[in-house]
Structures are given as C-alpha cells and as structure tokens.
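Notes follow once the structure below has been shown.
Read the figures in this text as sums done on the coordinates, not as results from a lab. Values in this document were obtained by computation on a predicted structure and should not be read as measured data. All Cβ positions, glycine included, derive from the backbone under ideal geometry; neighbour counts span all protein chains shown.
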Amino acid sequence: MSHGWFHAFPRAQAAAARPLTERRDLPGTTEAMDQLLARQLAAGAYLLTDTSCPAEIMLGLHNSGPVDVAVRDIQVVDRQRGPIIDGVAFWLEAGAMNPNPITFHLDTAIPVARLVADNGNDPEPYFGRHTLAVLPGGYLAVPLRFDAATTSHTFNLSVKYRVDGQVHTCTVDNHGTPFRVSPTAGHYCADKRCEFSLSSRLDQRHDYYTEVYSLVFDDGLAALAECTSLRLVT
C-alpha cells in the first residue's frame, strides 16, 4: 500500500482486531506493515476508502512465457454489497498515493476501469483506448483504486488478456478471500496526534466506529494509540 494501511473490522468480528490492539507496537518497515495489513485482511478486515484515503491495491502481472501478453480488460466480478463497516478501525498513515491509478467506482451498477484525471474527470473507460503490455519474463505492477460512498463491497477481479491471438481470462482474489472495501464512517478525533479526521456524509451520520486506532511515534518508534474524544463531524 502506497499511502497507508487504512482498514476496519465489522463489529461482529471485533475479536479479530484484538491481537493488534493489545500489542500496540508496529513494524518499522513498509514491507512489514504490508504483511501486517495482509494478515488483518485475511482475518476479515475491510480496506477503507474516502476522498482523503482511497483504497488501493497493487495488482502484479507476471509473464512467464516467451511472448508478449496484452491485458485487454480488468473487471470487478462476484460483487456483493453490504453495510458500511463501523467496528474497530485502524487509521495508519503512510505517504503519497500512486499517481493516476486505474479507478473503479464500486457504487455504480457496473464498475468499469477508468483513468481518473487530476480534476476528477473520467470521460471514458481505461481499456477503451489502452492495453497493458507485459514482456516475456517480465513483471508489471498496476495500481488499482476503489471508490465507494454508500455501501461496502466484496468482490474478485477478472483479468482478460491476449497471448498469440488467443484471449484468456483469469480470476484474481486476495490470497484466497474476496477483496473487501468499505467507505469510512464520518468521524473527527480531537487527539492532535491522530490523523483520523474525515468529512461526514449527511445521510450517514448514524455511522460510527466502536474504536479507532491511529499511527503515532513514541521515541521514534511506530506505535498504535487509541483515538480519544471521537465525535461526528457535522
């Protein structure tokens, strides 16, 4: 993850958050934080998405064959909607976001891969004019962004690609489980150490987290701190 490790567990799965909340210390490298997030997601957490913290994954495309592979489309499949996740949230800031990721608006009837411009415009599907080429023996990392504002989503990805004139598809999941993404609930934390400050949506003021933990630094070491004085943004 390039910009952070923002995720939350549903209230019914709050117990799955305890190994981290009770430990409180955090790894000191990006790679180790990525591994921690992978364990959290495997335990049932959802990636959080908001205008200030869009959910992103890095899709790795490997070509082990002797000829070029042309990726012609990436689609959201097996999608299911659910409530906004409002249990135990982890607000772990990292750094800058990936520039110009391929973006999916999950709340739409059919989420289509789009390349959103800096001004927010996305006039046409990305794969209407583009393909992704992976050279023989090569690897291509493709940043994907997932936006949502009204419901949570679980889904897989379908990748359509062409090899030697033949079209193939493969389904990609998150290491054996579906991808899970939820909009953030609108909260503001009065703790000045905490970066957790999000704009509320007028029709979602009933949403709130039971607990929120933020990344802080204690004597130069990364650690978790529980956010205090949480209140809804109005």
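Using Cβ contacts closer than 10 Å as the measure, can you line up Ser182, Ser64, Ser214, Ser152 from fewest to most?
Numbers: Ser182 29, Ser64 10, Ser214 20, Ser152 23.
Fewest-to-most ranking of Ser182, Ser64, Ser214, Ser152: Ser64, Ser214, Ser152, Ser182.
Going by how many other Cβ atoms sit within 10 Å of their own, how do Val167, Val134, Val172 line up, fewest first?
By the 10 Å Cβ count, ascending, the order reads Val167, Val172, Val134.
Among Tyr46, Tyr208, Tyr161, what is the fewest-to-most ranking by other Cβ atoms within 10 Å?
In increasing order of surrounding Cβ atoms, one gets Tyr208, Tyr161, Tyr46.
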